[in-house]
């Protein structure tokens, strides 16, 4: 058993006061010596989750014809949001707690990304000349 009282958090001190940005800082206030990005490409491929995410990204990039770096980045963001949404939905089903606000914001953001990628939407019908259109409707022309 730990010897800390129930109202004390080991990382941030007493919880009797509201948490502030200052109380969440590292005790010495220093930054890491070197920042290293954590990209999906650099993650361990032996993990099933990583392989599944990479597969989803590749499928979306192919479907959306992601021929530029910007489209590929948007595909990455969409898959991340889709995964976060699926996780939130599974947690809501298991635990019963569901906050519709953040979920709705993520859905709207995901829809915006798909629109930016040129995803499913209204497609224009093939253009016909006037004579073939009128004859297809069964109207006789003079």
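The values are calculated or read from the model by the stated rules, or taken from the named source; none is laboratory data. Keep in mind that this is a model prediction, so the values were computed, not measured. Don't worry about glycine lacking a Cβ; one is built from the backbone with ideal geometry, like all the others, and counts go over all protein chains shown.
Residues in the stretch 49-71 that are in contact (Cβ under 8 Å) with a residue 12 or more places away in the chain and in a helix (DSSP H, G or I) were compared, and the one that is nearest to residue 115 (Cα to Cα) is 71.
Kindly list the number of the only condition in (1) within 15 Å of the chain's Cα centre (by Cα); (2) at positive phi that fails for residue 84. Single failed check for residue 84: (2).
Within the stretch 91-106, the residues that satisfy the criterion of being over 25 Å from residue 39 (Cβ atoms) and assigned to a helix (DSSP H, G or I) are 91, 92, 93, 94, 95, 100, 101, 103, 104. If I go through the stretch 38-48 residue by residue, how many of them are within 15 Å of the chain's Cα centre (by Cα) and assigned to a helix (DSSP H, G or I)? Number of matching residues: 1.
Among the residues of the stretch 10-31, are any exposed (fewer than 10 other Cβ atoms within 10 Å of the Cβ), modelled with pLDDT of 70 or more and outside any loop (DSSP other than H, G, I, E, B)? No - not one qualifying residue is present in the stretch 10-31.
Checked across the stretch 124-132, the condition of being under 12 Å from the mean Cα position of the chain (by Cα) and in a helix (DSSP H, G or I) holds for no residue. Quick check, is residue 140 modelled with pLDDT of 90 or more, exposed (fewer than 10 other Cβ atoms within 10 Å of the Cβ) and more than 20 Å from the chain's Cα centre (by Cα)? No; evaluated as a whole, the condition is false for this residue.
For the stretch 72-90, the condition holds for at least one residue, the condition being that it is surrounded by 10 or more Cβ atoms within 10 Å (Cβ to Cβ) and in contact (Cβ under 8 Å) with a residue 40 or more places away in the chain. Restricting attention to the stretch 32-70, the residues that are modelled with pLDDT of 85 or more and under 27 Å from residue 120 (Cα atoms) total 22.
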